[in-house]
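For reference, the structure discussed in these notes is given below.
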Amino acid sequence: EVDQAHNQEFKLSILKTLQDDYRSVHYVPVDFEQDDLFLKLNESEGFEADKPTVYLWEGVTLYLSEDGVRKTLRTLKKNSAPGSHLVCDFYSQKFLKKLNKLDAASSLEATGEGLLFGLDFTSEWEERLSAFVESEGLSVTEAHFLGAQGRSGPFMAVASISL
């Protein structure tokens, strides 16, 4: 489990109230904008950098700058074992603008986070997603666009990316 330290503390406080045993989960505090992801992973217990890995990176890209997203993609590409994949989501710029106008903005202020990165999914969304990922030397192996049948285009995409 990789997330900012304050988010992990919150998650752990909830897990302590449950009966299930989550002790086998390793928690690695990482700030994707500031930290070296693989340095943190390699310092943690349980991560094996030499083995193919599926990284699930959900609900993160929208909180990062474009540079932060690109840095993470480059880091994963450079350091992952052959056969590794990234499954992640990308939100539309239009959806982020709507969220910023709603009450979500006040809760984001409370956590010190903002909605920063989105892709233009108003048209040709498959091509725009592929072009972004390919600009970092990676390729989309599969993508699902949520809300694609709406007038405004999809509000998000879930993609599998070959590393």
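Wholly within the stretch 79-151, which helices (runs of 4 or more DSSP H) include no fewer than the required count, namely at least 2 residues that are at pLDDT below 85 and either open to solvent by 60 Å² or more (accessible area, probe 1.4 Å) or charged (D, E, K, R) (or both)? Where helices (runs of 4 or more DSSP H) fall fully within the stretch 79-151 and carry at least 2 residues being at pLDDT below 85 and either open to solvent by 60 Å² or more (accessible area, probe 1.4 Å) or charged (D, E, K, R) (or both), they are 93-101, 104-111. In the stretch 152-162, of all residues being outside any strand (DSSP E or B) and open to solvent by less than 40 Å² (accessible area, probe 1.4 Å), the one that is modelled with the highest pLDDT corresponds to 154. Considering only the stretch 1-36, state which residues are of a type in the set (Ser, Thr, Tyr), open to solvent by less than 90 Å² (accessible area, probe 1.4 Å) and in a loop (DSSP other than H, G, I, E, B). Hits for the stretch 1-36 are 22, 27. Being free of Cβ contacts under 8 Å to residues at least 12 places away in the same chain and not aromatic (Phe, Trp, Tyr) is true of residue 42.
Among the residues making up the stretch 37-65, those that are aliphatic (A, V, I, L, M) and either part of a helix (DSSP H, G or I) or farther than 18 Å from residue 133 by Cβ (or both) are 37, 39, 41, 49, 62.
The values are calculated or read from the model by the stated rules, or taken from the named source; none is laboratory data. Predicted model, so just to flag it, every value in this text is computed and none were measured. Using ideal geometry, Cβ is built from the backbone for each residue, glycine included, and neighbour counts are taken over all protein chains shown. Calculation scope for accessible area: heavy atoms of the full protein, side chains included, ligands and nucleic acids excluded. Shrake-Rupley method; radii C 1.70, N 1.55, O 1.52, S 1.80 Å.
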